[in-house]
Amino acid sequence: MNYCSNCGHHPVTLRQPEGDNRARYICDNCSTVHYQNPKIVAGCLVFHEGKVMLCRRGIEPRKGKWNFPAGFMENGETVREGAMREVMEEANATIKIGRLHTMYNILHVNQVYLIFLAELENADFSAGIESLDVKLFDLDEIPWNELAFHSNVFTLKKYLENPDSTVVHHGSSLDAIDGWEPS
């Protein structure tokens, strides 16, 4: 951080404010403390007639790889609303959202994921503004070697292991999931 977003002053200094337990960017002019917090990612494993929906990413990172619909929450929306919006943006689909399926942290990018189970309200879907393609896959035909992120592998494998469970992953990384490597 180079400039204070409150007063525009330069520089800001990384130091520990009095009464805090970690370093924060603090404006040397107006003393505003700039907190940096994790980003919340909301999404869904969407099902229809026993098949799972995956979207081929039309944007970087990992453009062209398969992903379940998910993305960063916006201010002023609930986690469920964010998950539903992401499904609409990526798959032009309306869903009936169910229970929370997985919650996990990815510390190296400061993200918290909340992934719900959902059902398509109807079979009307198509590639949205962030997708090249959208398909329904039988669970035994998931394109594992073409998935975009470790988080996709983790969430799908946890569903296949126990579809009725809710998984809360307390670890700091999903990087070592059964030796999966992005292609």
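Here, each number is a calculation from the coordinates, and none is a lab measurement. Since the model is a prediction, treat every value here as computed from it, not as a measurement. Cβ atoms come from the backbone with ideal geometry, glycine included; neighbour counts cover every protein chain shown.
Within the stretch 52-85, list the GluC sites (Glu not before Pro) lying in a DSSP loop whose Cβ has at most 16 other Cβ atoms in a 10 Å radius.
Sites meeting the loop and neighbour criteria: Glu74, Glu77.
What span do the alpha-carbon atoms of the stretch 26-98 cover on each of the three principal axes, reported in whole Å from largest to smallest?
The principal-axis extents, from largest down, are 59, 27, 16 Å.
Go through the stretch 1-70 and name the chymotrypsin sites (Phe, Trp or Tyr not before Pro) that are in a DSSP coil and have 15 or fewer other Cβ atoms within 10 Å of their Cβ.
Those satisfying the criteria are Tyr3, Tyr35.
Choose one of Phe154, Gly128, Cys30: the residue whose Cα lies farthest towards the positive end of the charge dipole of the chain (beta-carbon charges +1 Lys, Arg; -1 Asp, Glu; about the Cα centre).
Result: Cys30, furthest along the dipole toward the positive end.
Of the candidates Gly128, Gly19, Gly98, which one comes out as most mobile in a Gaussian network treatment of the chain with C-alpha springs shorter than 10 Å?
Among Gly128, Gly19, Gly98, the largest GNM mean-square fluctuation belongs to Gly19.
Too long at a 18 Å Cα-Cα cut-off: which of Lys39/Lys63; Lys51/Lys135; Lys51/Lys158; Lys63/Lys135?
Violating the 18 Å Cα-Cα cut-off are Lys39/Lys63.
If you place +1 on the Cβ of every Lys and Arg and -1 on the Cβ of every Asp and Glu, how big does the dipole about the Cα centre of the stretch 39-169 come out, in debye to the nearest 20?
Charge dipole, the stretch 39-169, about its Cα centre: 400 debye, nearest 20.
For the chain, what is the percent of antiparallel DSSP beta bridges, rounded to the nearest 5?
Antiparallel bridges make up about 70 percent of those DSSP assigns within the chain.
Less than 13 Å Cβ to Cβ from Tyr113, Lys/Arg counted +1 and Asp/Glu -1: what total charge do the surrounding residues give?
Cβ neighbours under 13 Å give a net charge of +1.
log₁₀ I(q)/I(0) of the stretch 39-169 at q = 0.21 Å⁻¹, via Debye over equal Cα point scatterers, no solvent, to two decimals?
-1.36
Of the residues Cys44, Cys30, Cys55, which exhibits the maximal mean-square fluctuation in a Gaussian network model of the chain defined by a 10 Å Cα contact cut-off?
Cys30
Could you work out [θ]222 nm for the chain from helices alone, using -39500 (n - 2.57) per DSSP H run of at least four and dividing by all its residues? Round to the nearest 500 deg cm²/dmol.
The per-residue figure over the chain is -4500 deg cm²/dmol.
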